[in-house]
Amino acid sequence: MVSKKRLYLIEDDPDIRKLVRSLLEGYGYDVQTFANGGAARQAIRREVPDLCIVDLGLPDMDGLTLVRELWEDVRFGVIILTGRGDVSDRVLGLELGADDYIVKPFEPRELVARVNSVIRRRDQLAEARGTAQSGQARFGDWVFDLGNLILTATDGRQESLTAAEAGLLIALLKAPKRVLSREQLQGDDQDRDDFAFDRSIDVRISRIRKKIEPDPKSPRLIKTVYGAGYLFTAEVGWG
């Protein structure tokens with residue numbers, strides 16, 4: 001029997017907690033709710049979820065602070081739930097490593113679709129990590145270990161990736177020397193016409209470049225093809 005995916009909802013509004021929990025449990029998720037960030041931190045130490053849904057307006061801390069902490073743990077996804085409609089807040093959340101965001105007030109069907117999408121993408125990432133011959137990809141001066149999302153250079157230097165960054169890099173590694181559009185890199189969200197999410201692709205590419213390129217301002221491995229997308233230029237070896 002397949003175990004239910006465990007979701008943590010971190011939201012101070014009791015009505016929204018009740019609504020979201022009931023909604024997602026109706027779709028087969030195991031949902032636990034928390035009214036503040038501190039309680040959620042303690043729960044994560046005890047048992048790791050598959051996904052955290054984080055409200056930005058928490059009573060004990062700024063939700064973005066919690067998102068910043070959570071992105072460092074690659075074992076679960078993060079969705080921002082926010083009443084802040086400003087694009088800069090949404091971009092910042094995605095830059096900090098969140099997989100997606102939902103703006104209040106939200107349509108229940110959209111929330112379910114976003115949760116399903118993030119869970120599906122992370123399952124696909126886990127599958128890619130598990131089915132690669134040895135769980136490693138080699139390119140340029142780097143070896144990428146899909147098991148722990150760590151890049152190791154020939155000189156021994158190591159860089160870790162967030163799950164969102166790893167998903168983008170894996171997409172590029174699977175299609176070397178082919179131009180991939182932002183829509184293709186967005187995967188399940190390719191029908192989404194959204195400036196903030198589109199901008200997050202560019203930001204995450206920039207962060208990957210800072211980790212793998214000798215000169216990120218003049219990249220050699222990940223080229224921008226203006227008006228088209230991104231091109232991974234190196235040969236890639238698996239195994």
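The values are calculated or read from the model by the stated rules, or taken from the named source; none is laboratory data. In this text the structure is predicted, and so the values were computed from the model without any measurement. Here the Cβ is made from the backbone with ideal geometry for all residues, glycine too, and neighbour counts use every protein chain on show.
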One residue is enough: does region 6-14 have a residue meeting the conditions in a helix (DSSP H, G or I) and in the same structural domain as N116 (by TED's automatic domain parsing)?
yes
Starting from region 217-233, keep only residues that are aliphatic (A, V, I, L, M), then list their pairs with residues that are surrounded by fewer than 17 Cβ atoms within 10 Å (Cβ to Cβ) and assigned to a strand (DSSP E or B) whose Cβ atoms are within a distance under 7 Å, requiring at least 6 positions of separation or different chains.
V225/V179; A228/V179; L231/V179; L231/K223; L231/V225
When the residues of region 188-239 are filtered to those that are in a helix (DSSP H, G or I) and polar (S, T, N, Q), which remaining residue is modelled with the lowest pLDDT?
S200
From the list D60, D50, exactly one residue is free of Cβ contacts under 8 Å to residues at least 60 places away in the same chain and not hydrophobic (A, V, I, L, M, F, W, C). Which is it?
D60
Region 3-41, subset of a type in the set (S, T, Y) and in contact with a helix residue (DSSP H, G or I) (Cβ under 8 Å, 6 or more places away or on another chain), residue nearest to F76 (Cα to Cα):
Y8
When the residues of region 29-70 are filtered to those that are of a type in the set (A, V, I, L, M) and surrounded by fewer than 21 Cβ atoms within 10 Å (Cβ to Cβ), which remaining residue is nearest to K5 (Cα to Cα)?
V48
Which residues, counting only those in region 198-233, are in contact with a helix residue (DSSP H, G or I) (Cβ under 9 Å, 6 or more places away or on another chain) and closer than 13 Å to L172 by Cα?
I201, R204, I205, I208, L221, I222, T224, G229, Y230, L231, F232
Residue by residue through region 24-63, note down the ones that are among the small types (G, A, S) and assigned to a loop (DSSP other than H, G, I, E, B).
G26, G28, A35
Every residue in region 113-145 that is among the hydrophobic types (A, V, I, L, M, F, W, C) and at pLDDT 85 or above, please.
A113, V115, V118, I119, A137, F139, W142, V143, F144
